[in-house]
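Visitor: This is the structure I want to talk about, given as structure tokens.
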Amino acid sequence: MAESVYKFIELVGSSPVSWEDAVKNVIETASKSLRELRIAEVKELDVKLEDGKITAYRAKVNLSFKYEKEED
């Protein structure tokens, strides 16, 4: 097996619809600039409130991707 290195980053996604959509937004946005995404781990869920009503669902996500070494 070839040697591999992975990096974790923490991102927060939001959605006015659901926590699932908030996580989906994180992954779809990250996949536009990061390659070889591996694992998405949902760490926290919360909601944004305004006037006692939910206005956004938020998900804090740890996302891992393969770290590519520069060629010599």
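Visitor: Please verify whether Asp51 is exposed (fewer than 12 other Cβ atoms within 10 Å of the Cβ) and among the charged types (D, E, K, R), treating the condition exactly as stated.
Guide: yes
Visitor: Right, next: Just to be sure before I move on: is Ser33 over 10 Å from the mean Cα position of the chain (by Cα), of a type in the set (S, T, N, Q) and loosely packed, with under 14 Cβ neighbours inside 10 Å in the structure I sent?
Guide: yes
Visitor: Shifting gears a bit: I want to confirm something. Restricting to the stretch 1-20 and keeping residues that are surrounded by 15 or more Cβ atoms within 10 Å (Cβ to Cβ) and not polar (S, T, N, Q), which single residue is nearest to Lys69 (Cα to Cα)?
Guide: Taking the candidates together, the pick is Leu11.
Visitor: If you don't mind, another one. Tell me yes or no: at least one residue of the stretch 31-45 is part of a helix (DSSP H, G or I) and without any contact (Cβ under 8 Å) to a residue 24 or more places away in the chain.
Guide: Within the stretch 31-45 (the criterion being part of a helix (DSSP H, G or I) and without any contact (Cβ under 8 Å) to a residue 24 or more places away in the chain), the answer is no, since none of the residues qualifies.
Visitor: Would you be able to tell me the number of residues in the stretch 14-30 that are more than 11 Å from the chain's Cα centre (by Cα) and in a strand (DSSP E or B)?
Guide: 1
Visitor: Do we have any residue at all in the stretch 58-69 that's assigned to a strand (DSSP E or B), in contact with a strand residue (DSSP E or B) (Cβ under 7 Å, 6 or more places away or on another chain), loosely packed, with under 12 Cβ neighbours inside 10 Å and without any contact (Cβ under 8 Å) to a residue 40 or more places away in the chain?
Guide: Taking the stretch 58-69 and keeping what is assigned to a strand (DSSP E or B), we get 58-67.
Restricting the remaining residues to those that are in contact with a strand residue (DSSP E or B) (Cβ under 7 Å, 6 or more places away or on another chain) gives 58-67.
Now drop any that are not loosely packed, with under 12 Cβ neighbours inside 10 Å, which leaves 67.
Within this subset, residues satisfying the condition of being without any contact (Cβ under 8 Å) to a residue 40 or more places away in the chain are none.
For the stretch 58-69, residues assigned to a strand (DSSP E or B), in contact with a strand residue (DSSP E or B) (Cβ under 7 Å, 6 or more places away or on another chain), loosely packed, with under 12 Cβ neighbours inside 10 Å and without any contact (Cβ under 8 Å) to a residue 40 or more places away in the chain: absent.
Visitor: Which one is farthest from the chain's Cα centre (by Cα), of the residues in the stretch 44-69 that are at pLDDT 95 or above, more than 17 Å from Ser18 (Cβ to Cβ) and of a type in the set (D, E, K, R)?
Guide: Checking each candidate, the answer is Asp51.
The values are calculated or read from the model by the stated rules, or taken from the named source; none is laboratory data. No experiment lies behind these values; they were computed from the predicted model shown. When we count neighbours, we look across all protein chains shown, and the Cβ atoms used for this are built from the backbone with ideal geometry, even at glycine.
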